[in-house]
Amino acid sequence: MTAVLDTQVPPPAGVRAGAFGNATHLACRACGAQSPLGPFYACMECFGPLEVGYDFPKITRAEIESGPKSIWRYAPLLPVPADIGTFRSTDPGFTRLVDAGNLAADLGLRKLHVKDDSGNPTHSFKDRVVAVALSAARELGLTVLACPSTGNLANAVAAAAARAGIRSVVMVPSNLEQQKIIASAVYDTTLIAVEGNYDDVNKLASEIAGEEEGWAFVNVNVRPYYAEGSKTLAFEIAEQLGWRLPDQMVIPVASGSQLTKIDKGFAELVKLGLVEDKPVKIFGAQATGCSPIVQAYEAGHDVVAPVRPNTIAKSLAIGNPADGPYVLDVVRRTGGRIADVDDETVVQNIIRLARTEGIFGETAGGVTLGVTARLIAEGDLDPDAETVIINSGDGLKTLDAVSGHVGPKTTIPPRYEAFLDFWKGYTA
Amino acid sequence: MSAQVRIPTILRTFTGGQNEVEASGDTVAHVLESLDADYPGLKARIVDDNGALRRFVNVYVGDDDVRFIGGLAAEVPDGGKISIIPAVAGG
């Protein structure tokens, strides 16, 4: 039984047994203090972020493989009830792991896979985390699904709430890409455009979260549950590799949550005996215009000084990343590194991914591939090791990034002669 | 010099449940001293043993994160608004 701090608020009355599956408590990642499962996200003692702890029963590969082709096949490893499949959700996950032979050859790697999370219901990895947050909100009796967002999360929250039949309120920076604004508003969410950058929106949401009863800000007051959804990236990669861990991974970093949870996911698979233990080097990728964790890494610091973001990679533009210190811990512990590339390199690498593998990634994908190439050139990534990189979102949401760089080769009248004139010149 | 300070949920046990309290001081450090005099123990939740702002708490003067404007030495205008917010971000 877990020790519970007597200063902590008791879990809300009416939460049913098994509401959080095999999860048993929340623990502070900074000081280790434990709390009961509830709508808590910051440690009462030190403000540190809370993380879900579990008491796992024996879980077998066969049980997982017989589950649905969504993240719910890993339900026993998530803070969700055993009957999660009976609730309306967008059922995200089980996206393809692309054997990227063309890109591997282009980069000089022996074996490369792209985990293409643009295949999720709203075209980014955020559907994973939102699905878990939605379950927590439901179990805690919270009735409004909300978020501050750089766009992808707003899309995922709006769609999940529509599917669940509950209200959503999403808050985004007013200068966000038009595609992401429309792709939230279409779900009839309450979309609020805030004059400011993501960090301003996040501050506002954190203030609201402390005042409004019944609201689940997915990445604020139910963040410990939400963040667990990213572990499913690790679970799927391992299962899709044939229940093996890769040698090295390159992961985009905004708040840093995804990177730390992939590391946690691999560790849980090892602990449960579902994969053989082996070292996995974890590398992080940021855009130069918002690279506070890179700056801390290179300066040898273990705290991250905030920056004001200025990059086209808006989905990664978090200047004050809450999980930054833990990203530093993971990359240092695993022998990885965190590095950055400039916006021009981001654009070139969006195009490179499209032209080698037929995958149109968003700017975060360009950041990840650009950093991958840089890490190979600088000798940090082993070209003979099996590598997995994450494409976390869909290029259709960030068309502006590449619109000035690609387009028609010509415009011709609808006549065969005109085509022939062009084609002869073009192929000469 | 007085300032309005917004108190996050997890610190309201110190303020008797109040979400906003008044404090005095012309810098963030002085305001925190003033708060601690009225609500003993509150400052230690925001500042660590070395006197630095804790890693997972953000303090704002108006809309400005104090880490951009001098940290605990940041000036607080008369009637200024200070917000204390747990650092969580991601989206």
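FYI, it's all coordinate maths here, none of it is from the lab. Every value quoted in this text rests on a predicted model; they were computed, and no experiment measured them. Neighbour counts run over all protein chains shown; Cβ positions are idealised from the backbone, glycine included.
Taking one quarter of the surface of the C-alpha convex hull of the protein assembly as shown gives a mean projected area of 26.5 nm². Note that the stretch A:330-428 carries a Kirkwood radius of 15.9 Å, evaluated over its alpha carbons pair by pair.
Sequence-ordered 3J(HN,Hα) estimates for the stretch A:22-31 from the Karplus curve with 6.51, -1.76 and 1.60 and θ = phi - 60° stand at 8, 6, 10, 6, 10, 10, 6, 6, 8, 10 Hz, glycine and proline given as x. Sorted into 5 angstrom bins from 0, the C-alpha pair distances of the stretch A:186-337 split as 2, 9, 16, 18, 18, 15, 11, 7, 4, 0 percent.
Expressed to the nearest 5 percent, the antiparallel share of DSSP beta bridges inside the protein assembly as shown is 45 percent. Here's the list of lysines a cross-link from B:K43 could span, going by alpha-carbon distance under 27 Å and ignoring same-chain residues fewer than 8 apart: A:K203, B:K81. Amide H contacts of B:G80: B:Q4, each under 5 Å away and 5 or more positions distant or on a separate chain (H built 1.01 Å from N in the peptide plane; Pro and chain starts excluded). Measuring spread by the Cα atoms of the stretch A:126-226 yields a radius of gyration and Dmax of 12.0, 35 Å.
Each of A:V222, A:I208, A:V130 was scored by the projection of its Cα onto the charge dipole of the stretch A:126-226, and the greatest displacement toward the positive side belongs to A:V130; charges sit on the C-beta of Lys, Arg, Asp and Glu. Phi angles of the stretch A:279-290 translate, via the Karplus equation with coefficients 6.51, -1.76, 1.60 and θ = phi - 60°, into HN-Hα couplings of x, 10, 7, 10, 10, x, 10, 10, 8, 3, x, 8 Hz per residue; Gly and Pro are given as x.
Across the stretch A:219-307, C-alpha contacts under 8 Å between residues 6 or more apart give a mean separation that, scaled by the residue count, equals a relative contact order of 28 percent. Residue by residue along A:209-215, Cβ atoms of other protein chains within 10 Å of the local Cβ number 3 on average.
With a cut-off of at most 16 other beta carbons within 10 Å, and DSSP calling the residue loop, which GluC sites (Glu not before Pro) in the stretch A:368-428 qualify? Please list them. Sparse-neighbourhood loop GluC sites (Glu not before Pro): A:E378. Pairwise Cα separations in the stretch A:61-163 fall into 10 Å bins from 0 onward with the following percentages, short to long: 14, 39, 28, 14, 4, 0. The value given for chain B is a Kirkwood hydrodynamic radius of 13.0 Å, derived from the mean inverse Cα-Cα separation. Only helices enter this figure: runs of n ≥ 4 DSSP H residues, each worth -39500 (n - 2.57), summed and divided by the residues of the protein assembly as shown, yield -9500 deg cm²/dmol at 222 nm to the nearest 500.
Beyond 26 Å in Cα-Cα separation lie the following of the pairs A:K126/A:K278; A:K69/A:K126; A:K111/A:K278; A:K58/A:K231; A:K69/A:K115: A:K126/A:K278. Full extension of the chain between A:T143 and A:D99 yields a length gain of 11.7 nm, computed as 0.36 nm times the residue separation minus the alpha carbon distance. Relative to the Cα centre, the charge distribution of chain A, modelled as +1 at Lys and Arg Cβ and -1 at Asp and Glu Cβ, gives a dipole magnitude of about 720 debye.
Remark: the stretch A:267-402 is approximated by an ellipsoid whose semi-axes, taken from the C-alpha gyration tensor as √(5λ), come to 24, 20, 14 Å, largest first. The phi-based Karplus calculation (6.51 cos²θ - 1.76 cosθ + 1.60; θ = phi - 60°) puts the 3J(HN,Hα) values of the stretch A:383-393 at x, 8, 8, 6, 10, 10, 10, 9, 9, 8, x Hz, whole numbers, x for Gly and Pro.
Packing around the peptides A:233-241, A:130-138, A:311-319, B:79-87, taken as the average count of other Cβ atoms within 10 Å per residue, puts them in this order, highest first: A:130-138, A:311-319, A:233-241, B:79-87. Measuring nothing but how far apart in sequence close Cα pairs (under 8 Å, 6+ apart) lie, relative to its length, chain B scores a relative contact order of 36 percent. Measuring nothing but how far apart in sequence close Cα pairs (under 8 Å, 6+ apart) lie, relative to its length, chain A scores a relative contact order of 15 percent.
Counting Lys +1, Arg +1, Asp -1, Glu -1, what net charge surrounds A:V15 among other residues with beta carbon under 11 Å of its beta carbon? My count for the surroundings of A:V15 gives +1.
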